[in-house]
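In what follows, a structure is listed as structure tokens, so that the remarks can point back to it.
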Amino acid sequence: MAHGTHDHGDDPRNADIVIRINDDLVPRDRAMVSVFDSGFILGDGVWEGMRVHNGKLAFLDDHFKRLYQGAKAIDLDIGRTEGELAEMAHGTLAANGMTDGVHLRLMISRGIKSTPYQDPRFTISPPTIVMIPEYKEPRPETLTNGLRLFTVHVRRGRPDVQDPKLNTHSKLNCVTACIQAAKAGADEALMLDPQGFVATCNSTHFFIVRDGEVWTSTGDYCLDGITRRNVLRLCQKHGVTHAEKNFSLTDVYGADEAFVTGTFAGIAPVGEVDGRMIGDGGRGPMVARLQQWYLELLAEVTA
């Protein structure tokens, strides 16, 4: 059965979690927002997904930097400082007794509207802040077995249409890409840019390995991924030749290895793209090294 990098086992502890909605902590089965909320009506808001390791939110400063930059780009005043948001997040984790193996989804919408309409001037409340912490770990096979990707017709658009660098609630192009890949029996979608070069996946960033070199896209048509950036830094630190560049599907099909990156699963190997086996179809030596270096980095930043 196909699955994505966010596939995980059910954890019964999640049934009893409390979720933060603004300044309130609410049991999961009673956590609700208004039908007039901008996020529900329009997908108007920004979000971040974060991992908890050793009692700490990993790369928190990087996540907040991206969050506030995205909010500024859409002219959304979050109304809370980074310190206040951090306190709210840590308070939510503490209320649930969570210290490890947790994924925290932070979502901020523009707030409640007086009527269903797109104009931000019809917003009548402060932003809605939601924090959902869950016990979630990637399946072990995601980190060893090769994922199957399918190149979809849905492109990553130009920034004058909808800037792909924005981590906003509006993700319909990624959703339709995911649907097409799933219908094709793949785990995730590989998306091209307007020129036909490889851009990214629907929910992760894509890399290939050729002759010992690690390549990823230019970054012009994808989210500024935090794990993506850390992988490039790890390559620099360990002397691995790497590049952000344009490359085509021909380069992908002939790659020695391929992998995707994301906050939830970290680094996951790709074994097949459009029915072409990549390498031996599983985790290659470069991916194994990068996974180990990434685990060491996580341990360092959460020590």
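A few comments on the model shown:
- Exactly one residue among Leu249, Leu234 is farther than 21 Å from Asn145 by Cα, touching a helix residue (DSSP H, G or I) at 6+ places or on another chain (Cβ under 6 Å) and modelled with pLDDT of 95 or more, and that residue is Leu234.
- Complete set of residues in segment 125-142 that are surrounded by 16 or more Cβ atoms within 10 Å (Cβ to Cβ) and either among the aliphatic types (A, V, I, L, M) or over 19 Å from the mean Cα position of the chain (by Cα) (or both): Ser125, Pro127, Thr128, Ile129, Val130, Met131, Ile132
- Residue within segment 90-105 that is assigned to a loop (DSSP other than H, G, I, E, B), within 15 Å of Val46 (Cβ to Cβ) and in contact with a Leu (Cβ under 8 Å, 6 or more places away or on another chain) present: no
- In segment 220-242, the residues that are in contact with a Leu (Cβ under 9 Å, 6 or more places away or on another chain), surrounded by 15 or more Cβ atoms within 10 Å (Cβ to Cβ) and closer than 20 Å to Ala288 by Cα: Asn230, Val231, Leu234, Cys235, Val240, His242
- Residue list for segment 45-69, filter: more than 17 Å from Ala94 (Cα to Cα) and part of a strand (DSSP E or B): Gly45, Val46, Trp47, Glu48, Gly49
- Residues of segment 260-303 satisfying the condition of being surrounded by 15 or more Cβ atoms within 10 Å (Cβ to Cβ), assigned to a loop (DSSP other than H, G, I, E, B) and more than 18 Å from the chain's Cα centre (by Cα): Ile278, Gly279, Arg283, Gly284, Thr302
- Scanning segment 43-57 for residues being under 14 Å from the mean Cα position of the chain (by Cα) and surrounded by fewer than 21 Cβ atoms within 10 Å (Cβ to Cβ) gives a total of 2.
- Residue match in segment 258-266 (condition: out of contact with any strand residue (DSSP E or B) (no Cβ under 6 Å at 6 or more places or on another chain), within 20 Å of Pro164 (Cα to Cα), touching a residue at least 60 places away in the same chain (Cβ under 8 Å) and among the small types (Gly, Ala, Ser)): yes
- Checked against the criterion of being assigned to a helix (DSSP H, G or I), of a type in the set (A, V, I, L, M, F, W, C), modelled with pLDDT of 95 or more and more than 30 Å from Asp24 (Cβ to Cβ), segment 160-172 has no qualifying residue.
- One residue alone among Lys113, Lys65 is of a type in the set (Lys, Arg) and within 22 Å of the chain's Cα centre (by Cα), and that residue is Lys65.
- Segment 13-40, residues that are exposed (fewer than 14 other Cβ atoms within 10 Å of the Cβ) and acidic (Asp, Glu): Asp16, Asp23, Asp24, Asp29
- Pairs meeting the criteria (first residue in segment 290-303 and closer than 19 Å to Glu213 by Cβ, second residue loosely packed, with under 12 Cβ neighbours inside 10 Å, beta carbons under 8 Å, at least 6 apart or on different chains) are Trp293/Lys237; Trp293/His238.
- Segment 1-22, subset touching a helix residue (DSSP H, G or I) at 6+ places or on another chain (Cβ under 8 Å) and at pLDDT 95 or above, residue nearest to Cys178 (Cα to Cα): Asn14
- Odd one out for Thr128, checked against (1) touching a strand residue (DSSP E or B) at 6+ places or on another chain (Cβ under 8 Å); (2) in the same structural domain as Phe206 (by TED's automatic domain parsing); (3) not aliphatic (A, V, I, L, M): (2)
The values are calculated or read from the model by the stated rules, or taken from the named source; none is laboratory data. Remember, predicted model here, so these are calculated numbers, not experimental data. Please note: Cβ atoms are built from the backbone with ideal geometry, for glycine as well, and neighbour counts cover all protein chains shown.
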